[in-house]
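Novice: First, the structure itself, so that you have it in front of you.
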Amino acid sequence: LRRRISPPERSKIPLLKEIQKILLANSIDCSIDDLIQKRIEIEAQVGSQLVSQGDDWDCPIDDVIEQLLNEFALKENKSELKDRLLTTEFNAEKSLLYPEKGMIEVVRHALALNKKVVWISDMYLMKDQISLLLDHCGYNDLFSNGYVSSETKKRKKTGRLYDFVLSDAGVSPEKWIHFGDNFEDDCLMPQKLGGRAYHYFPKKHRKNVQTAAKLEKLSQTNTDWMGATLIMNLQQRFIEE
């Protein structure tokens with residue numbers, strides 16, 4: 001899946017805007033910039049806590065929202081607020097994601113060859129949420145299973161998530177083929193563990209990432225460049241749709 005926005009971290013803004021509404025309703029004034037910084041700090045705290053327990057670093061969305069509510073002492077109707085924020089985060093991702101062109105057909109072809117296909121992700125959303133997003137983008141239950149770092153507390157980056165997947169699926173490394181767009185985590189690490197891996201990063205996507213990074217850097221010193229970023233994101237959305 002790809003996001004129709006650059007940089008991808010901006011997908012987190014709708015949740016922060018929703019928190020801002022909740023805070024204002026409780027007579028607490030807090031800027032979006034301050035909330036962005038607060039979320040970064042909380043993600044770091046949650047990740048450090050997991051590492052101290054012997055797990056891999058991660059920032060599960062349930063834990064992050066829980067800590068955000070605690071930070072501002074929002075205890076009244078906490079369960080309802082948490083569900084509201086989780087829905088906001090999910091809907092934000094749902095509106096931004098689209099399937100990589102041709103990839104659904106690749107998965108179907110693998111299934112036609114009687115291959116078992118699973119998805120693996122280092123992601124802060126939970127397994128059920130990611131499965132719903134994949135179905136929304138057209139995969140419609142094509143995967144036999146899915147594995148995500150936010151629930152397993154293991155990441156692709158360390159190799160521990162791959163070890164867990166192979167063990168759970170009962171597959172030996174030499175029978176495993178992995179595709180991903182991060183060269184180190186999705187290609188080098190699986191090969192190191194004895195699997196076959198392919199780095200999938202089309203030139204057009206690489207160009208978009210590089211352009212977005214340049215525009216983001218420019219917009220930090222001159223806000224006029226934010227308009228160029230918006231136009232690029234809109235163009236990308238029209239192209240994909």
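Novice: Starting from residues that are open to solvent by 60 Å² or more (accessible area, probe 1.4 Å) and more than 20 Å from Lys78 (Cβ to Cβ), keep the ones in segment 19-40 and report whichever is modelled with the lowest pLDDT.
Specialist: Asp33
Novice: Which numbered condition trips up Asp128, out of (1) without any contact (Cβ under 8 Å) to a residue 12 or more places away in the chain; (2) over 23 Å from Leu50 (Cα atoms)?
Specialist: Condition (2) is where Asp128 drops out.
Novice: Checking the condition under 18 Å from the mean Cα position of the chain (by Cα) and at pLDDT below 95, which residue from Leu16, Leu68 passes?
Specialist: Criteria check complete, one pass: Leu16.
Novice: In the set Asp181, Asp224, which member is farther than 30 Å from Gln49 by Cβ, modelled with pLDDT under 95 and among the charged types (D, E, K, R)?
Specialist: It is Asp224.
Novice: A follow-up question, please. Please find, among Gln53, Gln49, the residue that is at pLDDT 90 or above, surrounded by 13 or more Cβ atoms within 10 Å (Cβ to Cβ) and polar (S, T, N, Q).
Specialist: Every option except Gln49 fails the conditions.
Novice: Looking at the structure I just gave you, is Glu80 surrounded by fewer than 16 Cβ atoms within 10 Å (Cβ to Cβ) and over 15 Å from the mean Cα position of the chain (by Cα)?
Specialist: yes
Novice: Something else about it: I'm told Phe72 meets every condition in (1) at positive phi; (2) surrounded by 14 or more Cβ atoms within 10 Å (Cβ to Cβ) except one. Can you identify the failing condition by its number?
Specialist: (1)
Novice: Now for a different question. Are any of the residues in segment 89-108 farther than 25 Å from Asn145 by Cβ, over 19 Å from the mean Cα position of the chain (by Cα) and either among the polar types (S, T, N, Q) or open to solvent by less than 30 Å² (accessible area, probe 1.4 Å) (or both)?
Specialist: No.
Novice: Let me ask something else. Condition first: under 20 Å from the mean Cα position of the chain (by Cα), assigned to a helix (DSSP H, G or I) and closer than 27 Å to Leu161 by Cβ. Can you find one or more residues in segment 29-37 that meet it?
Specialist: No: segment 29-37 contains no residue that is under 20 Å from the mean Cα position of the chain (by Cα), assigned to a helix (DSSP H, G or I) and closer than 27 Å to Leu161 by Cβ.
The values are calculated or read from the model by the stated rules, or taken from the named source; none is laboratory data. The model shown is predicted, which means the values in this text are computed figures rather than measured ones. Don't worry about glycine lacking a Cβ; one is built from the backbone with ideal geometry, like all the others, and counts go over all protein chains shown. Remember, those area values only see protein heavy atoms, side chains included, never the ligands or the DNA or RNA. Shrake-Rupley method; radii C 1.70, N 1.55, O 1.52, S 1.80 Å.
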